[in-house]
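Asker: Just passing along the structure, written as structure tokens.
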Amino acid sequence: MRHAAAVRSRGSKMVLSVVGMARVGVIAGVLASVFLVAQRTASADEPDETNELARSIDLWKKVDGQFRIDPYKLGNYNAKGDACKNALKEYEGKPPSVTFVLMKDVPGLKAGTHPWTAAKPVCEAAIAAVIRDEKIKQFALWVSGAQTDAERGNTNVYNSLKLCLQAYDDAIALGASPTEFMRYYDVNMTMQAGREFCAQLQTKVDATQAAREAPYRKVLKKDKLSMAIEGADYLFMPGGGGLTIPLAAKYNVWFKDVVPDRRCTDGREVHILHRYQFNTQQELAKVTDREFCGPPPTSAFR
């Protein structure tokens, strides 16, 4: 009898022990949950260490083994590549022990965990690369335009060719390489080849322009010369005839008929006739305007 009672007693203690262990497990689980909640609450006060900062500096892709800005990673919110500046502002005042996780390599930083301060130079380099690529894109656009002009035989491109060459210089100043290959606007050539194309076309245009100006330069000077070179096709002589070199030298009164975007009450187009008066030194001395409903009559050109 005592033996059975003792067994029952030990059994009761074992049951109590199991129940106690279960209670301890529940308490441990509650404490663990409280700890995790506390951890999450504490981390909520820190910047997003693995997402926003890392994403803001990951603007790259590999092309032929080289890092290149990926335009699909820019978008409207980050067109200039400077979203990383805003991300870094969230870390201002934090110690370097605050880290972020970079999931893959970018120029200047390997994948892994880094102090947030390591993102600063990477951010600056990314912004500079975006600006540089934009300049290369602008240069490619001018080269594309020059190619189209050459195909069409258009020689009235002096200013656009100057801008083409200036765009090249701007891109090189920002770190672009002359050997860098352009892939914009159907322009498939190196930067240097694009510059040479614009330079060669400008040489041809300069020769054509010089030949066109030569007859005017023989008899005209100062304001008369500049106006004739800029718009001889739009200038008229007294009597309403077009500008010719002998008449341009002879007459000190020239005219230009301009049609603005407005109409008279009767529906006809407004014409403004500019009358240019030159002195004996071929300098512009006076300009007067008259408005007409419809083309000016011949009698107005005097």
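Asker: Against the definition (closer than 30 Å to residue 286 by Cβ and not polar (S, T, N, Q)), how does residue 149 come out, yes or no?
Answerer: Values: closer than 30 Å to residue 286 by Cβ: no; not polar (S, T, N, Q): yes.
Spelling it out, it is not the case that residue 149 is closer than 30 Å to residue 286 by Cβ and not polar (S, T, N, Q).
Asker: Of all residues in the range 132-179 being among the β-branched types (Val, Ile, Thr) and surrounded by fewer than 18 Cβ atoms within 10 Å (Cβ to Cβ), which is nearest to residue 61 (Cα to Cα)?
Answerer: Here is the first cut: in the range 132-179, the ones among the β-branched types (Val, Ile, Thr) are 136, 143, 148, 155, 157, 172, 179.
Adding the requirement that they be surrounded by fewer than 18 Cβ atoms within 10 Å (Cβ to Cβ) leaves 148, 155, 179.
Values: 148: 31, 155: 40, 179: 19 Å.
For the range 132-179, the residue satisfying everything is 179.
Asker: If only one of 179, 244 is of a type outside the set (A, V, I, L, M, F, W, C) and farther than 30 Å from residue 280 by Cα, which one is it? Step through it out loud before you land on a result.
Answerer: Working: 244 fails: farther than 30 Å from residue 280 by Cα.
Result of the check over 179, 244: 179.
Asker: It is to be established whether one or more residues within the range 277-292 are among the basic types (Lys, Arg), farther than 18 Å from residue 223 by Cα and part of a loop (DSSP other than H, G, I, E, B). Before you say what the answer is, go through the steps one by one.
Answerer: Filtering the range 277-292 down to residues among the basic types (Lys, Arg) leaves 286, 290.
Restricting the remaining residues to those that are farther than 18 Å from residue 223 by Cα gives 290.
Retained after the next criterion (residues that are part of a loop (DSSP other than H, G, I, E, B)): none.
Within the range 277-292 (the criterion being among the basic types (Lys, Arg), farther than 18 Å from residue 223 by Cα and part of a loop (DSSP other than H, G, I, E, B)), the answer is no, since none of the residues qualifies.
Asker: Filter the range 103-113 down to residues that are touching a strand residue (DSSP E or B) at 6+ places or on another chain (Cβ under 7 Å) and more than 16 Å from residue 124 (Cβ to Cβ) and give me whichever is surrounded by the most Cβ atoms within 10 Å (Cβ to Cβ).
Answerer: Of the range 103-113, the ones touching a strand residue (DSSP E or B) at 6+ places or on another chain (Cβ under 7 Å) are 106-107, 109, 111-113.
Still in the running and more than 16 Å from residue 124 (Cβ to Cβ): 111-113.
Values: 111: 13, 112: 11, 113: 11.
In this case the residue turns out to be 111.
Asker: Is it the case that residue 267 is on the phi > 0 side of the Ramachandran plot, exposed (fewer than 12 other Cβ atoms within 10 Å of the Cβ) and not in a strand (DSSP E or B)? I'd like the intermediate steps shown before the answer.
Answerer: On the way: on the phi > 0 side of the Ramachandran plot: yes; exposed (fewer than 12 other Cβ atoms within 10 Å of the Cβ): yes; not in a strand (DSSP E or B): yes.
Yes; evaluated as a whole, the condition is true for this residue.
Asker: So, one more: Test of understanding: among 161, 165, which residue is assigned to a helix (DSSP H, G or I) and modelled with pLDDT of 90 or more? Lay out the reasoning, then the answer.
Answerer: Working: 161 fails: modelled with pLDDT of 90 or more.
Going through 161, 165 in turn, the sole match is 165.
Asker: From (1) in contact with a Ser or Thr (Cβ under 8 Å, 6 or more places away or on another chain); (2) not in a loop (DSSP other than H, G, I, E, B), pick out the condition that doesn't hold for residue 254.
Answerer: (1)
Asker: A follow-up question, please. Note down all Cβ pairs under 9 Å where the first residue falls in the range 142-163 and is not assigned by TED's automatic domain parsing to the domain that holds residue 201, the second is outside any loop (DSSP other than H, G, I, E, B) and at pLDDT 80 or above, and they're at least six residues apart or on different chains.
Answerer: none
Asker: With respect to residue 182, is the statement that it is within 27 Å of the chain's Cα centre (by Cα) and surrounded by 15 or more Cβ atoms within 10 Å (Cβ to Cβ) true? Walk me through how you get there before you give the answer.
Answerer: Numbers: within 27 Å of the chain's Cα centre (by Cα): yes; surrounded by 15 or more Cβ atoms within 10 Å (Cβ to Cβ): yes.
Spelling it out, residue 182 is indeed within 27 Å of the chain's Cα centre (by Cα) and surrounded by 15 or more Cβ atoms within 10 Å (Cβ to Cβ).
The values are calculated or read from the model by the stated rules, or taken from the named source; none is laboratory data. Values in this document were obtained by computation on a predicted structure and should not be read as measured data. In this analysis, Cβ positions are derived from the backbone assuming ideal geometry, glycine residues included, and neighbour counts consider all displayed protein chains.
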